[in-house]
Amino acid sequence: MPSQDRAAAALAFGGLFSLAAAMGIGRFVYTPILPFMSDGLKLAADDAGLIASANFLGYLVGAVAAASKSLPGNARYWFLGGLLVSALTSAAMATTTALPAFLLIRFTAGAASAFVLVFSTTLVLERLTARGRGDLSALHFAGVGCGIAFSALLVAGLGRLGADWQALWLASGAATLVFLLVAARLVPGEPAGPVSAVPQNSPGPGSRAHYLNGGVLRLILAYGLFGFGYVITATFVSVIARTTPALQSTEPFVWLAVGLSAAPSIYLWNRIALRIGARRAFALACLLEACGVALTAVAAAPVLFLAGAALLGATFMGITALGLIEARVAASSAGPAAIRQMLAVMTASFGVGQIVGPWFAGELHALTGSFQAPSLAAAAVLLVAAVLMLR
């Protein structure tokens, strides 16, 4: 392999490890650890939903902050700093049992994961494109699914050895530190200077009106509905497995099924989008995800429950990417600043859906004693998102 190709592959793997650490572990490890917290702390479902919502609120705030016009230092410092904060906040979850502290820690962890996503993607994709290896971007984004799969194996393995929820959080923090060291080695430095995650050109007069039409508004709404629709199952699927007697055998495997399905999903959905268009691919993915979410709500057979989890994993990262692709296309004619504004609006819409979803599920669980109703509501919302994209 030529040295240029080796350097590009190393860079893509650095991105993979960074997203595995900050997103797959730092952001999503809460899902497989939650059943252990629920048992060890007698944590109510509505409180568990609040903790999840705090993390997603932090992610929204972090994404907006990372896209600001300038930050001191350079992108690599923020990228590595976000990874360090992600490791520390995971470990910090083991040091308290107070709900307000959990909320603050998970909020901070969410902001850190957003910084890592924004700045690692900026560093990795720009350099891959400059080397003519943009095709390796799928390897970078596979880090989310790989991190989810790793966290599932970590929690299941330590759980079988008798680890409690505190030990699981400490192990997650330690794993993130190891991934940080790997990513720091594989993603090299750059000259110091002001951070600018996206181009800062000002839009021309009337540019917003040029692209903000009915189709774009439906895209923004559908993206927010998707955020609501995926996050309920993504937060509580391990709890559903533990608390449903017929499904208890699936608990060590359900989050692993999500991660293994997510790892190649962006590559696959990009190929599908090339054939049928991004909007139709977005709608198809929402339909499949609705089926997966509904299966996790009603399935009594372990194989069907795992199939539902796999459908969730196979679609949620693909929908995320397809939505942002469509947003960039919609705003591209209005200039770089319009693209930035459009991506910020999409992030906000998605973030609101993510924040409301776990809270809604926790409150409805408190009323009904089950996650079936909120999961079916999420599936219905995903169907609405699909219809909006097909119009």
Burial ranking of peptide ranges 39-45, 122-128 (average Cβ count within 10 Å, highest at the top): 122-128, 39-45
With segment 35-107 reduced to its Cα atoms and the Debye formula applied, log10 I(q)/I(0) at q = 0.13, 0.18, 0.20, 0.26 1/Å amounts to -0.47, -0.78, -0.90, -1.24
Would you mind estimating how fast segment 211-362 diffuses translationally, via Stokes-Einstein at 20 °C and 1.002 mPa s with the Kirkwood radius over Cα pairs, in µm²/s? 134 µm²/s
For segment 231-299, count all C-alpha to C-alpha pairs, find those more than 21 Å apart, and express that count as a whole percent of the total. 34 percent
Sequence gap at least 6, Cα distance under 8 Å: using those rules, report the relative contact order of the chain to the nearest whole percent. 26 percent
The ratio Rg/Rh over the Cα atoms of segment 347-391, Rh being the Kirkwood inverse mean 1/r radius, stands at 1.05
Return the tail of the calculated pair distribution for the chain, meaning the percent of Cα-Cα pairs more than 28 Å apart. 42 percent
At R0 = 25 Å the Cβ-Cβ FRET efficiency linking Arg131 and Ala348, nearest 0.05, sits at 0.15
Could you work out Rg/(2.2 N^0.38 Å) for segment 1-76, with Rg from alpha carbons only? 1.58
Return the FRET efficiency for the residue pair Arg185, Asp164: r is the Cβ-Cβ distance, R0 is 30 Å, and the value is rounded to the nearest 0.05. 0.35
Which percent of the accessible heavy-atom area of the chain goes to carbon and sulfur, probe 1.4 angstrom? 69 percent
Per the 1/(1 + (r/R0)^6) rule, R0 = 30 Å and r from the Cβ atoms of Leu390 and Asp5, FRET efficiency to 0.05 is 0.15
Summing -39500 (n - 2.57) over the DSSP H runs of n ≥ 4 in the chain and dividing by its residue number, what mean residue ellipticity at 222 nm do you reach, to the nearest 500 deg cm²/dmol? -27500 deg cm²/dmol
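The values are calculated or read from the model by the stated rules, or taken from the named source; none is laboratory data. Here the structure is a predicted model, which is why all the values come from computation and not from measurement. Counting neighbours? That spans all protein chains shown, and the Cβs are built from the backbone with ideal geometry, glycine included. The protein model used for the area step is the full one, side chains on, heavy atoms only, and it has no ligands, DNA or RNA in it. Shrake-Rupley method; radii C 1.70, N 1.55, O 1.52, S 1.80 Å.
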